Each structure stands twice: as C-alpha cells, then as structure tokens.
Amino acid sequence: MMKTFKAGQIEIAYAESGAGEPVILLHGGESTHIQYDTFRPRLGDGIRAIAYDQRDSGASVNPPEPYGIPDLAADCAALIRGLGYERAHIFGSSFGGFIALQVAVSDPGVVQSLTVGATFSDASALQAPVASEIVELSPSQRDARMLAFALSDRGQADEEMVAELKSVLVHRSPEADARRLAAIPGFDITARLPEITAPTLLIYGEDDPAAHPDIGRKIAAAIPGARLAVIPGARHGITIEFAQETAQLLRDFVLAHPVNVDGLEYA
C-alpha cells in the first residue's frame, strides 16, 4: 500500500516494509519504487526499507516544470525529515545514485550512511557509449536494449529474471521523460566528493557496460574512508539479477553504522 508525503508542491508517494534502521531507496532512471518491491524484503529484520517515486515517476505528483538533481536531492531530504527522522541511510542505484551523492554533499546532516551503486559523480553517464545509445531511443524501444545492459548472459537466458526486469521498467509520457533526462546534463559533484563525511560504500558490477568499476574506484578514492565492493559477473542491474548480493552488502553496511546507537526509539 502506497503512502504519500507533501513537500511544497511535490507529493511524494512511497512504499515501505520492515522496522528498524531507516533506509531510503532511490530508484534508477527507467523505473519507479517498484524497482525495490522484491529487494526491500531481502534487507531483513531490523531495517525499515522505504522506496519512493521520484518526480515524474509512479504515483508522485509534481508541477510540469524543469528540475535538476539538486531538486531531486532536496525531495529526498524532505522525505527523510517528513518521516520524522533527523538522519537516514540512503541507497541509490544508477540515476538514484546521482541523487544519493547529491544529498550527501548538499544536505549531509540527513545522511547516516551512504551507499551507491552503478553510478557516476557527473553527467558523463550520458556519454557512456551504451547509455547514450539507450537514452536516444524512445521509451518503448529501450526495453530490449536494457536487457543486455542490465543482465548478464546468464540472466538474459533466465525467463523469470527477464520477466522481473521488464516488470520494473516504466514508460513515462514524452514530457516527463524529457524532464528526467534534462536533469542530468548539469550534474557534476566530482569536485565536492571529498566533502562527503558519511560512511560510504560503493557497489559496482564487474561487467557493467556503462558504470565500470573503475568509475567506482575513482569515486571511492575521492571520498574519505569510502570502500568499494565489486560484484563478479554483474552488469548494470545489480538490484535485480544480483539483488541478494547487493541487499546483503547494504544490510551489513547499514547495521554497522546504526542511527539508533543510544537505545532511542525510532520515529
């Protein structure tokens, strides 16, 4: 069942499961909160997993106006505070990783721990050969290309895995799709990565055709104390084909950096 929170002109829709450490899940560019429907329960006991729809996604409502990654980051911070938390753990994959990194530099006080996967610290994502080809396609043409982009050869041969990936890919209106894509070109926080103070984990697929682990290594080297985990055989879809491995990495990291260190009640 979806819940909503009003932040200015934005009505943010979210789904949640579990109780305990608050973990905000930021979906990728081609999905909505449904990207985490089967992922959330994998995080296990002691975690309140909250996945929300970003602007122009799912059930969230926003004015038909341009926005940037900083605006999407402000939405995330507003949701954290709106849920009654001073700080929460943030996880973002791909496009969601842009937002997670932005929150960590623009509103660090709300970030208890930061985990990002398969992402970039700037708009070079749009120049990555496979990614640039995909964004130039119409939404209805992207699905087939996303299969090879997100899933390994083994994953593409698994009918259930293919069906799961297709189920989380969404088609937006041309106007909404254009606003989402237009948010990316101005994004570049590379120079600000050393400002990130939250404990940080980066998760990358060994065979990701766009966000190669070398990109993760550069980001990890720039963030004080950050560590990198590389999943063997994974491409871009780390929360789908390698959901169990990714969820375990996230769970362990969250529980190693708890909000509730003094026996205080959760919100």
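If only Cα atoms are counted, what is the Rg of the stretch 188-267, and what is its Dmax, in Å?
Cα only, the stretch 188-267: 14.5, 44 Å (Rg, Dmax).
Using a Gaussian network model of the chain whose springs link C-alpha atoms within less than 10 Å, name the residue from Tyr14, Tyr204, Tyr85 with the highest mean-square fluctuation.
Tyr85
Using only the C-alpha atoms of the chain, find the volume of their convex hull and express it per residue in Å³.
About 112 Å³ per residue, rounded to a whole number.
Identify all aspartates and glutamates with a Cα-Cα distance to Lys3 below 13 Å; exclude those on the same chain that are fewer than 8 residues away in sequence.
Of all the aspartates and glutamates, those that pass the test against Lys3 - Cα under 13 Å, at least 8 places apart if same chain - are Glu11, Glu16, Asp53.
Calculate the dipole size of the chain relative to its Cα centre from +1 charges on Lys and Arg beta carbons and -1 charges on Asp and Glu beta carbons; express the result in debye to the nearest 20.
340 debye
Report relative contact order for the chain in percent, whole number only (criteria: Cα-Cα under 8 Å, sequence separation at least 6). Write out the running numbers ahead of the final one.
Working: 547 pairs, mean separation 56.7, N = 267.
RCO, the chain: 21 percent.
Rank-order 245-255, 28-38 by packing density, defined as the average count of other C-beta atoms within 10 Å over each peptide's residues, highest first.
28-38, 245-255
Tell me, what is the FRET efficiency for Asp252 and Glu195 to the nearest 0.05, using R0 = 35 angstrom and their Cβ-Cβ distance as r?
After rounding to 0.05, the efficiency reads 0.85.
Any read-out appearing in this document is the output of simple, stated calculations on the displayed coordinates, not a laboratory observation. These numbers come from a predicted model, not from an experiment. Quick reminder, even Gly has a Cβ in these numbers, built from the backbone with ideal geometry, and neighbours come from all protein chains shown.
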